[in-house]
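Trainee: For reference, the structure I am asking about is given below.
The values are calculated or read from the model by the stated rules, or taken from the named source; none is laboratory data. In this text the structure is predicted, and so the values were computed from the model without any measurement. Virtual Cβ from ideal backbone geometry, glycine too; neighbours counted across all protein chains shown. Note: accessible area is taken over every heavy atom of the protein model, side chains too, but ligands, DNA and RNA are not part of it. Shrake-Rupley method; radii C 1.70, N 1.55, O 1.52, S 1.80 Å.
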Amino acid sequence: MPKLLPFRIHFEDPEIAPLDLDARDAEDAREIAASRRGVPLGAIRKVKIIREKANG
């Protein structure tokens, strides 16, 4: 099974809170987020990988 990556999904509608989830890739993350929020794929504005902040 491929390693899951952490993603944050942002939606076009500001009333829909961003969603954090783990998925195989960005496309999979989009589909999961749309399904969980009950919106079409077109309602997703941005998909970002969550990266850990380095101590610096």
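Trainee: Consider Ile16 carefully, then state whether it is in contact (Cβ under 8 Å) with a residue 12 or more places away in the chain and in contact with a strand residue (DSSP E or B) (Cβ under 8 Å, 6 or more places away or on another chain).
Mentor: When the stated conditions are applied, Ile16 does not pass them.
Trainee: Tell me the residue from Phe11, Phe7 that is aromatic (Phe, Trp, Tyr) and more than 8 Å from the chain's Cα centre (by Cα), please.
Mentor: When all the criteria are applied, what remains is Phe11.
Trainee: Filter the stretch 14-26 down to the residues that are under 9 Å from the mean Cα position of the chain (by Cα) and either more than 20 Å from Arg51 (Cβ to Cβ) or assigned to a helix (DSSP H, G or I) (or both) and list them by number.
Mentor: Passing the criteria: only Ala26.
Trainee: Can you tell me which residue among Arg51, Arg30 is within 20 Å of Pro2 (Cβ to Cβ), open to solvent by 40 Å² or more (accessible area, probe 1.4 Å) and part of a loop (DSSP other than H, G, I, E, B)?
Mentor: The conditions single out Arg51.
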